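The values are calculated or read from the model by the stated rules, or taken from the named source; none is laboratory data. Bear in mind the structure is a predicted one, so any value in this text is a computation, not a measurement. All Cβ positions, glycine included, derive from the backbone under ideal geometry; neighbour counts span all protein chains shown.
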Amino acid sequence: MQEFEPKIVAFVCNWCTYAGADLTGTSRIKYSANVKIIRFPCTGRIDFMILMKAFENGADGIIVSGCHPNDCHYSTGNFHARRRWIVLRNLLNFAGIETDRIQFSWVSAAEGFKWADVVNNTVAAIKEIGPYENYRKIAVSTLFNEEGASNE
Amino acid sequence: MSRIGVFVCHCGENISATVDCEKVARISGELKGVEFSADYKYMCSDPGQTMLKDAIREHKLDGVVVAACSPRMHEPTFRNACAEAGLNPYLCEMSNIREHCSWVHPKSDLTTDKAESLVRVMVEKVKKNKALNSIKVPVTRTALVIGGGVAGIQAALDIANCGHKVVMVEKLPSIGGHMSQLSETFPTLDCSQCILTPRMVEVAQHPNITLYTYAEVESVDGFIGNFKVKVRKKSKSLDEHLCTGCGLCTTKCPQKKIPNEFERGLGFRPAIYVPFPQAVPNKPVIDRENCTYYIKGKCKVCEIVCPTKAIRFDQEDEIVEVDCGAIVLATGFDVLKPDFFPEYGYGKYKDVIDGLQFERLASASGPTQGMIRRPSDGEIPKKIVFVACAGSRDPAKGIEYCSKICCMYTAKHAMLYKHKVHDGTPYVFYMDIRAGGKNYEEFVRRAIVEDETHYVRGRVSTIYEKNGKLIVKGVDTLMGAQPVEIEADMVVLATAGVANKGSEELAQTVHVSYDAHKFFAEAHPKLKPVETNTAGIFLAGACQAPKDIPESVAAASGAAVKVAALFSNDLLTREPLIAVVNRQAPPVYSSCVGCFLCQSVCPYQAIEREEIKNRNGEVIRTLAKVNEGLCQGCGTCVALCRTKAIDIYGYSNQQVYSEIMALLND
């Protein structure tokens, strides 16, 4: 059987992690090709819907990475991201999605090595958890209907 | 229907060595909406850009994807090329298939597949891009220079001489920085203060420069061209306008035994003091922590003796607001603290000193009037051991980097010692001699040959005191790792240059990045060495990494030119990638419900209230509105908006969802 190759999307901020991932490249540090990056201005921009959309479209795992606390280019965006992550964890539990499928990390523009580690560790972790297949079952609409029915 | 052009760059072999660029171009050409695709050896070259422009015109392209290096590198290049061909620059996107693909994965089908999907993502994104016009904002032609060392001084003078206003903020009571502490400078042995003090005076007297000493930056708001900075002028307990700088107060102050920071603890100063004789401004401050009046509530000798009644014990800190268009960070460096070297006995033995202390001993204005004397008993040392790389290039001490200046100043120290103590014997323990620079190698040779300095290649393991001598135990690696033991009278440690205390906090206040060693990070190590990642903020001198004087001065002039170039425009062009609140026809007006959650999270106060009135002038709706001049495009409001009424150009919901779908559905 072919080894499971997870699909992982990385949502990263432009100023720290995107630049950090650039440095990983400039330094020719190798990492797993399973992860593909989508650039955002700031992790503060990344809302629930974006993460859910990724799962809905078949992502097995997600990395959200931005500037270290206090280093945000926009002062506070990463704090909003962190708070949102705390709330989202409960939502994931509620929806039956393993919280380990989303890795939240801080990678600065100087941490090329760290980015490679984050990617490789995430890939290893997702391989361990296995593919994420039941997204259709828990599509938001279905959930809503069931919950709506039980409330009545 | 879109007409998108995809251009795949080989980047010489940087991409094509691991990615099949021709295949990427071919497959991309089959994507829906792609009208034209090609690959080329160097897209950023002139012929590459011409190819892009020709294709836009010939195929009437309405979107462009360049698959090449990081957009942080060449996005402006390709956007300009598009604009020149008549395509709105914001309809051009880059796929990063070099830094994020070819350089980090081995040659394989998987790597090519990844490149293809990265291109597909951008093709889908660019379909949703909107033509945008850049935003023009006015420029405040005042520069703020933080730090008054040689780099800050050079930057301030260069900017001021271009005819622009400069505000200089210095933390200490005087400008001058570390350079004012030095005795003589390598490789010419000219006197440091002789070349620096005229420039310090020039700063103080320059009509375009406002100098705030004993002051620190409290907060920085705004953006390039329009920063609003709050500066805290710490209370000097002195009316500077009345003070004539006569110095009577400093001679009469009963507190006389406070370790003098400028002398690196080798001398003493009173509680009301001028840091050094050539200080600029040459007016005293009261050190409230050590002043008898502030400790015990009585004394006031300085107030009594002051002929102009300038002392103000009840003076409070003052906050000054500075509007400026650019900021130059020139906060310098520090040297490693002594507690790093228990094995060398720094702090335990008085005669183990650091390089800056030796500078003070060798300085004619220093505590020994330029005589090299041991701190412990004032004797003239007959044997000095200099230890290079004390901390530097030592991962065990957490400092992997080379501090760069130590090889040179250690050679200088050995030379100065020999010039002052003719029968003295200098030893230098070193790892390698790094003397790259104009006349630097010759200078080190001179120390070895003419001044008979004994260079021992090896490291010092331990230093201890025995019968009034310092026993230095080390190894000579050029003599077959033979152990060496030297009975020295004094030891000078060339301690590593480290980031200034508080540099991390300052970086966070000013919003610039910094590296693992807390030095400020440049925007690009080669091509943008004085810029930071934050537009309008520049770096000068050793706040970026250890630098010698010529390098610091060169960087400062470089930063000054960047500031002057910025100030040569009446209006600044800013990227229009900002948030926008949707508007619809009445009676809906907008999906904004006026909760103003966005206002509470905006770091720039860019969300305003817009009232919609009916014909009778009554307010019927209050909507959020984004101030274009203030919005920096972080998108935090977008994520927070409950009704998705705010979106952000360049990273809109539609664009992001398209990217996600393209990325995952292959």
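Among the residues of region A:50-68, write down those that are more than 9 Å from chain B (Cβ to nearest Cβ) and in contact with a strand residue (DSSP E or B) (Cβ under 7 Å, 6 or more places away or on another chain). Lay out the reasoning, then the answer.
Applying the first criterion (more than 9 Å from chain B (Cβ to nearest Cβ)) to region A:50-68 yields A:51-52, A:55, A:60-66, A:68.
Result: A:Leu51, A:Asp60, A:Gly61, A:Ile62, A:Ile63, A:Val64, A:Ser65, A:Gly66, A:His68.
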Might you check whether a residue that is in a loop (DSSP other than H, G, I, E, B) and under 30 Å from B:Arg574 (Cα atoms) occurs anywhere in region B:457-480? no
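Has region B:150-170 got any residue that is aliphatic (A, V, I, L, M) and within 14 Å of another protein chain (Cβ to nearest Cβ)?
Looking for residues that are aliphatic (A, V, I, L, M) and within 14 Å of another protein chain (Cβ to nearest Cβ), one finds none in region B:150-170, hence no.
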In region A:67-103, anything under 18 Å from B:Gly635 (Cα atoms), buried (at least 21 other Cβ atoms within 10 Å of the Cβ) and among the hydrophobic types (A, V, I, L, M, F, W, C) is listed as A:Cys67, A:Cys72, A:Ala81
Among the residues of region B:318-370, write down those that are of a type in the set (Ser, Thr, Tyr) and buried (at least 21 other Cβ atoms within 10 Å of the Cβ). B:Thr331, B:Tyr344, B:Tyr346, B:Ser363
Scanning region B:655-666 for residues that are more than 7 Å from chain A (Cβ to nearest Cβ), more than 37 Å from the chain's Cα centre (by Cα) and part of a helix (DSSP H, G or I), the one nearest to B:Lys625 (Cα to Cα) turns out to be B:Ser658
Taking the condition assigned to a helix (DSSP H, G or I), touching a residue at least 24 places away in the same chain (Cβ under 8 Å), within 23 Å of A:Glu5 (Cβ to Cβ) and not aliphatic (A, V, I, L, M), does A:Asp117 pass? no
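Tell me, yes or no, whether region A:77-98 has at least one residue that is more than 9 Å from chain B (Cβ to nearest Cβ), in contact with a Ser or Thr (Cβ under 6 Å, 6 or more places away or on another chain) and touching a residue at least 24 places away in the same chain (Cβ under 8 Å). First the steps, then the outcome.
In the first step, residues of region A:77-98 are kept if they are more than 9 Å from chain B (Cβ to nearest Cβ); the result is A:78-79, A:82-83, A:85-98.
This time we only want the ones that are in contact with a Ser or Thr (Cβ under 6 Å, 6 or more places away or on another chain), so: A:78, A:89, A:92.
The next check asks that each one be touching a residue at least 24 places away in the same chain (Cβ under 8 Å); those that pass are A:78.
Taking every residue of region A:77-98 in turn, at least one turns out to be more than 9 Å from chain B (Cβ to nearest Cβ), in contact with a Ser or Thr (Cβ under 6 Å, 6 or more places away or on another chain) and touching a residue at least 24 places away in the same chain (Cβ under 8 Å).
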Can you find a residue in region B:317-331 that is at pLDDT 95 or above and over 28 Å from B:Ala156 (Cα atoms)? no
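Condition check ((1) touching a strand residue (DSSP E or B) at 6+ places or on another chain (Cβ under 7 Å); (2) within 14 Å of another protein chain (Cβ to nearest Cβ); (3) in a strand (DSSP E or B); (4) modelled with pLDDT of 95 or more) across all residues:
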residue: B:Val66; (1), (2), (3), (4): yes, no, yes, yes
residue: B:Arg72; (1), (2), (3), (4): no, yes, no, no
residue: B:Glu75; (1), (2), (3), (4): yes, yes, no, no
residue: B:Met94; (1), (2), (3), (4): yes, yes, yes, yes
residue: B:Leu110; (1), (2), (3), (4): no, yes, no, no
B:Arg288 fails exactly one of (1) assigned to a loop (DSSP other than H, G, I, E, B); (2) more than 33 Å from the chain's Cα centre (by Cα), namely (2)
Given the structure, is A:Val107 more than 10 Å from chain B (Cβ to nearest Cβ), β-branched (Val, Ile, Thr) and under 16 Å from the mean Cα position of the chain (by Cα)? yes
In region B:490-529, what residues are more than 11 Å from the chain's Cα centre (by Cα), hydrophobic (A, V, I, L, M, F, W, C) and more than 19 Å from B:Tyr409 (Cβ to Cβ)? B:Ala516, B:Leu527
Condition check for B:Gly33: without any contact (Cβ under 8 Å) to a residue 24 or more places away in the chain and in contact with a Ser or Thr (Cβ under 7 Å, 6 or more places away or on another chain): no
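Of the residues that sit in region B:493-511 and are in contact with a His (Cβ under 9 Å, 6 or more places away or on another chain) and modelled with pLDDT of 90 or more, which one is nearest to the other protein chains (Cβ to nearest Cβ)?
Looking only at region B:493-511, we keep the residues that are in contact with a His (Cβ under 9 Å, 6 or more places away or on another chain), and these are B:494, B:498-499, B:511.
Subset that is modelled with pLDDT of 90 or more: B:494, B:498-499.
Numbers: B:Ala494: 26, B:Val498: 16, B:Ala499: 13 Å.
Of everything passing the filter in region B:493-511, B:Ala499 is nearest to the other protein chains (Cβ to nearest Cβ).
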Can you confirm whether region B:438-453 contains a residue that is assigned to a loop (DSSP other than H, G, I, E, B), buried (at least 19 other Cβ atoms within 10 Å of the Cβ) and under 37 Å from the mean Cα position of the chain (by Cα)? yes
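Here's a check for you: in region A:19-38, which residue that is more than 7 Å from chain B (Cβ to nearest Cβ) and over 12 Å from the mean Cα position of the chain (by Cα) is surrounded by the most Cβ atoms within 10 Å (Cβ to Cβ)? Before the answer, list the steps.
First, the residues of region A:19-38 that are more than 7 Å from chain B (Cβ to nearest Cβ): A:20, A:23, A:27, A:32, A:34-35.
When the remaining residues are screened for being over 12 Å from the mean Cα position of the chain (by Cα), the result is A:20, A:23, A:27, A:32, A:34.
Values: A:Gly20: 26, A:Leu23: 23, A:Ser27: 14, A:Ser32: 19, A:Asn34: 20.
Among them, the one singled out is A:Gly20.
Any idea which of A:Val107, A:Val118, A:Val64 is touching a Lys or Arg at 6+ places or on another chain (Cβ under 8 Å), crowded, with 20+ Cβ neighbours inside 10 Å and among the hydrophobic types (A, V, I, L, M, F, W, C)? Quick ask: steps written out before the conclusion?
On the way: A:Val118 fails: touching a Lys or Arg at 6+ places or on another chain (Cβ under 8 Å); A:Val64 fails: touching a Lys or Arg at 6+ places or on another chain (Cβ under 8 Å).
After applying the criteria, what remains is A:Val107.
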So, in region B:96-107, of the ones that are at the interface with chain A (Cβ under 8 Å from one of its Cβ atoms) and part of a loop (DSSP other than H, G, I, E, B), which residue ends up farthest from B:Ile4 (Cα to Cα)? B:Pro106
Could you tell me whether B:Gln315 is touching a helix residue (DSSP H, G or I) at 6+ places or on another chain (Cβ under 7 Å) and part of a loop (DSSP other than H, G, I, E, B)? no
